[in-house]
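The values are calculated or read from the model by the stated rules, or taken from the named source; none is laboratory data. This is a predicted model, so every value here is computed, not measured. Cβ coordinates were reconstructed from backbone atoms using ideal geometry, including for glycine residues, and neighbour counts include every protein chain displayed.
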Amino acid sequence: MEYSRTGPERHRLGGDGIPGAVGGSVVSAARSAGVASVGAPLPAATAAVRLFTNYSATIGTTGKTAIRVFPGGSPSQRRYKLQEAAVKLVPHERVARCFRYLRAGESQVEVLHAACEGRAFYGKLEVCGSVWLCPVCSARVAEARRKELDEGVRACEAGGGSVLHLTLTVQHSRQDDLALLLYRFARAWDGLNTHRAFKDKKASGKRRATVGIMGRYGIMGFVRAQEVTHGQNGWHPHYHLLLFLSRPLTAPQLASLEAELRVLWASSAAKEKLSMNDHGLTLRRGAGAAAGYVAKWGLGAELAKSHVKTGRPGSVTPWDLLRASAGGDVRSGFLWREYAAAFKGKRQLFWSHNMRALLGLEEEVSDAAAAAALPRAAVHLGWITLADWFLVLRHGKRGYLLDLAGGGDWDVCREFLAGLRADRRSERLRLGLDAPPELVIPPLTQLHFLAMVSQRFA
């Protein structure tokens with residue numbers, strides 16, 4: 001694809017800032033659809049239909065929106081392109097409005113810049129806060145949760161305590177229904193968590209007080225996260241828990257705790273017609289060689305940073321399925337829809353009673369609030385009109401525009417938006433249509449206009 005490196009058109013790249021990718025500049029889309037063929041141009045109506053088809057091809061059926069847009073580009077660009085893939089699979093969920101629709105009462109999109117981080121952020125837009133369906137919100141929420149977890153780990157260790165990492169899973173097969181498997185898995189965990197052998201029980205009536213595993217090993221509480229992958233044996237759900245202990249354990253005590261938990265977990269799983277093998281339970285210390293993942297993200301990352309993880313050999317994460325679906329894999333799209341339906345409304349992280357207070361953490365905020373939160377250092381950089389925002393959505397440039405704004409120079413962003421407007425006018429001429437007048441939207445119809453645009457070009 002040809003593009004100019006000077007003037008407003010220097011930013012006219014394919015995809016989300018990737019030269020030549022499908023779904024980028026309208027010019028490239030028109031050429032690939034046969035609109036700009038030399039000698040015998042298509043009728044205006046037919047050309048417009050083919051151009052729109054090339055733009056809004058449904059993922060998993062035609063494969064027109066190719067996987068080529070994902071290997072390149074910044075993390076921000078890849079997350080927004082992945083969000084677009086999710087919207088096409090679940091168009092009626094809140095993710096379809098996330099960072100696309102203006103909040104009620106707003107008329108322009110705000111761009112903010114945090115100089116200390118070298119990053120830019122969108123403001124005045126709706127946020128879905130879904131850690132399961134939205135890669136954009138998942139990244140924001142996970143980073144906030146990771147900071148909380150790391151702060152809790154440091155507070156526990158500073159007070160003379162220790163932290164253990166517990167992983168629970170069960171055997172599974174390709175015939176398992178994910179929703180039913182998650183239900184049974186959750187009931188098995190409830191059976192362990194409420195068992196008299198696990199929790200201390202106070203005296204009640206004729207029943208004497210008992211000291212369970214938590215009391216004997218000094219377990220003050222825990223934080224639990226759930227995760228799922230998919231492999232040759234179907235869906236693989238598992239829980240990750242950080243156990244906060246009031247004291248460090250010796251190696252024999254650690255082995256004894258693991259053995260007791262293994263027996264209890266096997267019993268609880270069997271009551272729900274689930275079984276476990278040698279890999280059904282693992283218990284490791286929170287630091288050292290036994291937890292090599294700490295080196296990159298910190299201890300809290302295994303629980304909170306699932307959006308950046310990739311599946312182990314032979315398994316894939318839900319985000320891997322979404323990427324494959326965007327590349328035209330229909331089966332991956334069906335699997336991802338099953339995952340989306342099964343995890344809707346579930347919590348990613350769960351703190352045991354009074355655990356946050358014991359660690360001195362602030363009250364927990366919702367996922368939506370964590371996703372919408374902006375850095376304190378973020379300051380206003382510029383405004384995007386509704387007409388320009390429509391063009392940004394149409395060209396799939398949300399991530400690319402944020403990368404430009406990350407430099408802190410709004411003139412560069414203004415030049416890029418001018419290039420999009422020029423591109424729109426030139427394409428109407430190329431299609432045989434008259435150059436449109438400047439797009440003016442009455443204030444009272446702005447929200448209706450954006451709703452129409454988002455549904456048509458999602």
### Message
Going residue by residue through the range 142-164, is there one that turns out to be in contact with a Leu (Cβ under 8 Å, 6 or more places away or on another chain), modelled with pLDDT of 90 or more, part of a strand (DSSP E or B) and not β-branched (Val, Ile, Thr)?
### Response
yes
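Which of the residues belonging to the range 99-133 are without any contact (Cβ under 8 Å) to a residue 60 or more places away in the chain and crowded, with 23+ Cβ neighbours inside 10 Å? Talk me through it step by step, then tell me what you get.
As a first pass, look at the range 99-133 and keep what is without any contact (Cβ under 8 Å) to a residue 60 or more places away in the chain: 103, 105-106, 124-126.
Listed by number, the list is empty, since nothing qualifies.
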### Query
So, of the residues in the range 317-338 that are surrounded by fewer than 18 Cβ atoms within 10 Å (Cβ to Cβ) and of a type in the set (Lys, Arg), which turns out to be farthest from Pro237 (Cα to Cα)?
Arg331
### Query
Within the range 217-266, can you find the residues that are in contact (Cβ under 8 Å) with a residue 40 or more places away in the chain and polar (S, T, N, Q)?
Gln226, Thr229, Gln232, Asn233, Ser246
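Suppose we filter Lys64, Lys88 for residues that are at pLDDT below 85, over 30 Å from Val163 (Cβ atoms), surrounded by fewer than 21 Cβ atoms within 10 Å (Cβ to Cβ) and of a type outside the set (Asp, Glu); which single one remains?
On the way: Lys88 fails: at pLDDT below 85.
Criteria check complete, one pass: Lys64.
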## Note on the structure
If you go through Trp410, Trp389, Trp383, the only one that is in contact (Cβ under 8 Å) with a residue 40 or more places away in the chain and crowded, with 18+ Cβ neighbours inside 10 Å is Trp389
### Message
Residues to consider are Ala418, Ala370, Ala357; find the one that is under 21 Å from Arg79 (Cβ atoms), in a helix (DSSP H, G or I), at pLDDT 90 or above and not charged (D, E, K, R).
### Response
Ala370
### Query
Does the range 109-124 hold any residues that are in contact with a strand residue (DSSP E or B) (Cβ under 6 Å, 6 or more places away or on another chain) and either more than 21 Å from Gly407 (Cβ to Cβ) or among the acidic types (Asp, Glu) (or both), and which are they?
Glu110, Lys124
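For every residue, the table says whether it meets (1) of a type in the set (Asp, Glu); (2) over 23 Å from Val223 (Cα atoms); (3) assigned by TED's automatic domain parsing to the domain that holds Leu182.
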position: Trp336; (1), (2), (3): no, yes, no
position: Lys344; (1), (2), (3): no, no, no
position: Phe350; (1), (2), (3): no, no, no
position: Asn354; (1), (2), (3): no, no, no
position: Leu359; (1), (2), (3): no, no, no
position: Glu362; (1), (2), (3): yes, no, no
position: Val365; (1), (2), (3): no, no, no
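Can you find, within the range 102-141, the residue that is nearest to Glu338 (Cα to Cα) among those that are of a type in the set (S, T, N, Q) and outside any helix (DSSP H, G or I)?
Residues of the range 102-141 of a type in the set (S, T, N, Q): 107-108, 130, 138.
Add one more test, that the residue is outside any helix (DSSP H, G or I), and what stays is 107-108, 130.
Working: Ser107: 36, Gln108: 36, Ser130: 16 Å.
The selected residue is Ser130.
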### Query
For the range 391-399, does any single residue satisfy the condition of being in contact with a Ser or Thr (Cβ under 6 Å, 6 or more places away or on another chain) and either over 24 Å from Glu427 (Cα atoms) or not in a loop (DSSP other than H, G, I, E, B) (or both)?
yes
